[in-house]
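A short write-up of the structure that comes next.
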Amino acid sequence: MASRQWCEGHSTPVLCVGASGGPEGLLASGSEEGEVTVWNQEGAVLASLRLPSGDDVTSAVFSPAAPGLLYVSHGEMVSVLDPRSLNGAVEELQGAGEEEINSLALNETGSALAVADDSGVVRVLELPGGKVNRTLRRHTNIVSSLAFRPLRPNNLVSAGLDMQVMLWSLQKTRPVWTLNLQEMAEEEEGHQQKAGQFFNPPLAHCVSVATCGNVLACAAEDGRVHLMRVGSGSKLDQQGAIKAHSQGASQAHFLSFLPHPYWLATGGNDGMVALWDLSQNPVVTVEDKGKPQAAPVHRRRPKARAKAKLQSQAKPLQAKEETKEEEEVEEGSSVDQSPGTEEALKSGPKLSFSHGDKVNWVCPTLLRGEPSLVVADQSPNLSVYSLAGL
């Protein structure tokens, strides 16, 4: 599939891309060694900045409430930038992370910034000002990705290399529920695994929430994108998976600008990029079909902990002893996968193409009104693919 190249914005590999919802439709990209670049809709560089720290820029997020504010993470810090004038940071949120920050997420009102780092801790900062409002400690390894639920600014989803996805209510410091991807994968493999066959552990790399606020997708190292539906009372109603990539799935992002909210873009270490129509997926349509909810069960401890950060070695954290809270059903509960869910999802993607290099980031956006995917890889350039005609 042909792509347009956006060049001359970076000298090092691009690690993250963010799109503004403002009228200018700006894009921002961050790369290794502290480089931040702002682009216009045509792919021209508007401004570039090398942050003084020189640390890799791991996340770049525009404020949905104030598109003139851009939040970027580097090292243990978050810098607030004015994308129209990259003359330096407007504000520095020092010590926003306990260790290197991997992901940022802003709620729809722009009043809360969530920060995930290598220590396994999620911090929620009040905006403006950056005061720490909540410190969430339940992950037992690196937290790799965060996403707020649309329409619910106090609900946050986190995913990590402990192979767990958690839904949080910011009024509390313990998760509403936890889904252990390792246990789900083991149940699946128990039926499908052949002698001598090896499956990668489902280290969670990227989590996204559809604009309806009820459907979640999580890209994992096992090549699957794990799907979850949140029902009434924020309970986890349904869970399934699609086998999206032949190697680790690094990216999963819902598109907000197509006729329905269940279009999902994925990218993987196999160099493939795919677009999925999940509108008929059993996880998405379960309520419409009147399927009964799966009965919640007690959360179990993970049987293994991830020892890699994304694709490299990282030290696992010491698991903290959890007592009474682990035994509660209302919070910290999980659901079993419905039989045959993955089998029902083998119709394949609506669009799939080889990008040719391991995918670092996929950013869905409208460019001059045209649905597009902006892809970052191991190079300093961005590739833009048009989705016109879908």
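The values are calculated or read from the model by the stated rules, or taken from the named source; none is laboratory data. Worth saying up front: this structure is predicted, and the values here are computed from it rather than measured. We place every Cβ from the backbone using ideal geometry, glycine too, and count neighbours over all the protein chains shown. SASA here: full protein model, heavy atoms, side chains in, ligands and nucleic acids out. Shrake-Rupley method; radii C 1.70, N 1.55, O 1.52, S 1.80 Å.
Quick look at the numbers
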{"quantity": "Karplus-derived HN-Hα couplings along the range 98-111 (A = 6.51, B = -1.76, C = 1.60, θ = phi - 60°), whole Hz, x at Gly and Pro", "calculated": "6, 9, 4, 7, 10, 8, 10, 8, 10, 6, 4, 7, x, 9"}
{"quantity": "Neighbour-limited loop hits for chymotrypsin sites (Phe, Trp or Tyr not before Pro), the range 1-72 (at most 16 other Cβ within 10 Å; DSSP other than H, G, I, E, B)", "calculated": "none"}
{"quantity": "Accessible area of residue 84 in the full protein assembly, 1.4 Å probe (Å², nearest 10)", "calculated": "150 Å²"}
{"quantity": "Extension gain, residue 247 back to residue 66 (0.36 nm per residue minus Cα-Cα distance, nm)", "calculated": "61.4 nm"}
{"quantity": "Net charge of Cβ neighbours under 12 Å - reference residue 38; Lys, Arg +1; Asp, Glu -1", "calculated": "-2"}
{"quantity": "Probe 1.4 Å - accessible area at residue 99, Å² to nearest ten", "calculated": "80 Å²"}
{"quantity": "Cross-link table 243/358; 131/172; 172/235; 172/243, entries beyond 24 Å C-alpha to C-alpha", "calculated": "172/243"}
{"quantity": "Label-point separation, residue 44 to residue 232 (7 Å along Cα→Cβ), nm", "calculated": "5.4 nm"}
{"quantity": "Size of charge dipole - the range 36-152 - debye, nearest 20, with Cβ of Lys, Arg +1 and Asp, Glu -1, no other charges", "calculated": "480 debye"}
{"quantity": "Volume of the Cα convex hull of the range 202-283, divided per residue and given in Å³", "calculated": "80 Å³"}
{"quantity": "Extended-chain gain in nm, criterion 0.36 nm per residue less alpha-carbon gap, residue 279 and residue 131", "calculated": "49.3 nm"}
{"quantity": "Cα→Cβ-extended label distance, 7 Å offset, between residue 211 and residue 94, nm", "calculated": "4.1 nm"}
{"quantity": "Longest to shortest principal axis, alpha-carbon extents of the range 8-91, angstrom", "calculated": "31, 27, 20"}
